[in-house]
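The values are calculated or read from the model by the stated rules, or taken from the named source; none is laboratory data. Treat the numbers as computed from the prediction; the structure is a model and nothing was measured. Using ideal geometry, Cβ is built from the backbone for each residue, glycine included, and neighbour counts are taken over all protein chains shown.
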Amino acid sequence: MTNLLKILIVYYSQTGNTEKMARAVEEGAKSVVGIDVVVKYFVKPEELADSDGIILGAPTYYHDMGMDMKNLLEGAAKDEINLKGKVGATFGSYGWSGEAPNLLLEIIKNRFGMDVIEPSLRIKYNPDKKGLDECFHLGKTVAEKVLKKSLKSDL
Ligand SMILES: Cc1cc2nc3c(=O)[nH]c(=O)nc-3n(C[C@H](O)[C@H](O)[C@H](O)COP(=O)(O)O)c2cc1C
């Protein structure tokens, strides 16, 4: 019997654009029945460990992700939090260069060995309807993958 599956969405947003993306990703993940979806603005590294799927959102400021996100990942690495094989994805709003979601994806894939959805989802400034649909789709894709993996591991 499968325990309740959980997806954690953690995002940072200064002017609200990545936040809108996060809400649409949340709706997409919730559209798949049987998964508990939690959205947080700030988490401690150990909270990452009890989720089956982790979706991280960060806007790009000064060609980088914010300090909160950096501290979270550095903390998780330092504390040796095991995220191997968990489903992961990243997203974020940007203006011109958009590095943050790609940096995040690279870290969760190569440093933590997560099973990631590629590429990251990047949207310029304020997401329009098409952008929000893409966010919804990302959330749904992660949730479906989490479900599929849990069914496989039950066999
Ligand atoms: C001070 C400042 C620095 C920024 N630096 C970058 C940058 O290096 N690359 C980029 O693509 N966008 C950059 N942007 C644009 C933001 O990523 C963009 O406004 C984004 O929509 C902000 O997302 P948020 O509303 O979730 O905070 C910058 C914006 C500001 C105000």
Is it true that Asp128 is within 15 Å of Leu8 (Cβ to Cβ) and exposed (fewer than 13 other Cβ atoms within 10 Å of the Cβ)?
no
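Yes or no, residue by residue, for (1) in contact with a Gly (Cβ under 6 Å, 6 or more places away or on another chain); (2) more than 14 Å from Ala22 (Cβ to Cβ); (3) polar (S, T, N, Q):
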residue: Leu72; (1), (2), (3): no, yes, no
residue: Gly75; (1), (2), (3): no, yes, no
residue: Ile81; (1), (2), (3): no, yes, no
residue: Lys86; (1), (2), (3): no, yes, no
residue: Ala100; (1), (2), (3): yes, no, no
residue: Asp115; (1), (2), (3): yes, yes, no
residue: Tyr125; (1), (2), (3): no, yes, no
residue: Gly131; (1), (2), (3): no, no, no
residue: Glu134; (1), (2), (3): no, no, no
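Test of understanding: among Gly66, Gly92, which residue is in contact with a Lys or Arg (Cβ under 7 Å, 6 or more places away or on another chain), within 14 Å of the ligand (Cβ to nearest atom) and within 23 Å of Cys135 (Cβ to Cβ)?
Working: Gly66 fails: in contact with a Lys or Arg (Cβ under 7 Å, 6 or more places away or on another chain).
That would be Gly92, the only listed residue that is in contact with a Lys or Arg (Cβ under 7 Å, 6 or more places away or on another chain), within 14 Å of the ligand (Cβ to nearest atom) and within 23 Å of Cys135 (Cβ to Cβ).
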Does the stretch 58-78 include one or more residues that are charged (D, E, K, R), closer than 19 Å to Leu138 by Cβ, surrounded by 14 or more Cβ atoms within 10 Å (Cβ to Cβ) and at pLDDT 95 or above?
no
Cβ-Cβ distance below 6 Å, separation of 6 or more or different chains: which pairs start in the stretch 77-104 with a residue that is touching a residue at least 40 places away in the same chain (Cβ under 8 Å) and end on one that is in a helix (DSSP H, G or I) and within 14 Å of the ligand (Cβ to nearest atom)?
Phe91/Met21; Phe91/Pro101; Gly92/Thr18; Gly92/Ala100; Gly92/Pro101; Ser93/Asn17; Ser93/Thr18
If we ask which residues in the stretch 1-45 are modelled with pLDDT of 95 or more, under 27 Å from Lys152 (Cβ atoms) and not aliphatic (A, V, I, L, M), their number turns out to be 7
Residue list for the stretch 97-129, filter: over 14 Å from the mean Cα position of the chain (by Cα) and away from the ligand (no atom under 16 Å from the Cβ):
Asn110, Arg111, Gly113, Lys129
